Amino acid sequence: MKSHYQLRIIIFIIAFLIPGGALFCAKLEVLKNPSFQLLSGSYDEVHKKQHSFSKQDTKDLRKFAKNYDKKIGLLGLISPKQVRIPHIIHFVWVGPKPFPEKSIENVASWKKYHPDWQLFFWTDSADRPCPIDGMERHLIKEIHFQQLKPYLSLTTNPAEQADMIRDELIYEYGGVYVDHDVRCFRPFTQFHAAFDFYVGIENPHLNSAQGTKILPGNCLFGAKPHHPILKAAMDNVEKLWYKVEKKYPGDTRKDIFNRIIGRTFNAFTLATKEHLNEDGNIDMVLPSSFFFAQKIFRKKTIKKLKRSDHVFASHAFTYLWQGPKPVNAKKK
């Protein structure tokens, strides 16, 4: 008991009195005791700061942490031969620009770890080649749209169109949707065997429209066909569309960003928060380290987290859909 008390005093001294001590203690804790909160970036190694969370943030974190602690053990119990989510990987690329050369390696990484899965490349051009061999090219017009097809013509931004297409795709076919700038590090077979829906929390950052830093990200998520979260996401697009457009009507980078975040990204995150585990589904919201580790942890920590199965993919956040910054834009 005495030694435990002394150890806590030592940790306090290191954390608060020695320069860099907080970073050292946070790293030690996340490696020894990888709790949901620590894996979600409550302490940000990259920017050396402790995140402050609102009451809603804390509520969301506790809800997701409770669900994670209860169900993450299924990954070691369920046979990988079981398939709750189809073994299909969906990529979407629409608009006039060619598929980015830098992203070809990302697509290849998914093929590497899932050699027997189907890889679908969805596009609006019959002349656009697949990024790698072994993919199946499908045209957007092949999708049996449930409700968002009218909205595709109401925006000229390819990313916003892709946000809606991914919801429709996964709702119809099931599988995992992956953005072009996401790199895979290990097989996802266990997720598809254990869960009906899975997604990761982005690194903590404020979404002013929702007033929260806890955001399930739609750059990478998997679900069985006709999952209620995807239906709710599409419903939310319809509810939010004109409200957000009225608030951000301009063509500036800021208005375009806020429109897309408000109309389609928020539609997905809100649906995830409000409809998790409905209808007897086994759903999982994973901590940030699983898909967004590079935003909150340093390379050495990430390397160790990979060995303990807490890092599966990495999203680069290229933001190609925003276009080039103005020449006179100030760096932030």
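The values are calculated or read from the model by the stated rules, or taken from the named source; none is laboratory data. Just so it is clear, the model here is predicted, and its values are computed rather than measured. Cβ placement follows ideal geometry from the backbone for every residue including glycine, while neighbour counts extend to all protein chains displayed.
Does D309 satisfy the condition of being part of a helix (DSSP H, G or I), loosely packed, with under 15 Cβ neighbours inside 10 Å and either under 20 Å from the mean Cα position of the chain (by Cα) or modelled with pLDDT of 95 or more (or both)?
No, not satisfied.
Evaluate the range 119-132: report whether one residue or more is touching a Cys at 6+ places or on another chain (Cβ under 7 Å) and either free of Cβ contacts under 8 Å to residues at least 24 places away in the same chain or among the polar types (S, T, N, Q) (or both).
The answer is no, given that none of the residues of the range 119-132 is touching a Cys at 6+ places or on another chain (Cβ under 7 Å) and either free of Cβ contacts under 8 Å to residues at least 24 places away in the same chain or among the polar types (S, T, N, Q) (or both).
Report the residue count in the range 236-255 for those that are touching a residue at least 60 places away in the same chain (Cβ under 8 Å) and among the hydrophobic types (A, V, I, L, M, F, W, C).
2
Can you tell me how many residues within the range 312-332 are part of a loop (DSSP other than H, G, I, E, B) and modelled with pLDDT under 95?
Summing the residues that are part of a loop (DSSP other than H, G, I, E, B) and modelled with pLDDT under 95 in the range 312-332 gives 14.
Which members of the range 156-171 meet the condition of being aliphatic (A, V, I, L, M) and surrounded by fewer than 22 Cβ atoms within 10 Å (Cβ to Cβ)?
Answer for the range 156-171, where residues must be aliphatic (A, V, I, L, M) and surrounded by fewer than 22 Cβ atoms within 10 Å (Cβ to Cβ): just A159.
For (1) at pLDDT 90 or above; (2) under 17 Å from D309 (Cα atoms); (3) of a type in the set (A, V, I, L, M, F, W, C), each residue gets a yes or a no:
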site: V30; (1), (2), (3): no, yes, yes
site: L39; (1), (2), (3): yes, yes, yes
site: L61; (1), (2), (3): yes, no, yes
site: Y68; (1), (2), (3): yes, yes, no
site: K71; (1), (2), (3): yes, yes, no
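Within the range 59-161, which strands (runs of 3 or more DSSP E) (wholly inside it) include 1 or more residues that are under 20 Å from A193 (Cα atoms)?
Ranges flagged: 88-93, 118-123.
Does P80 satisfy being exposed (fewer than 15 other Cβ atoms within 10 Å of the Cβ) and closer than 18 Å to R137 by Cβ?
no
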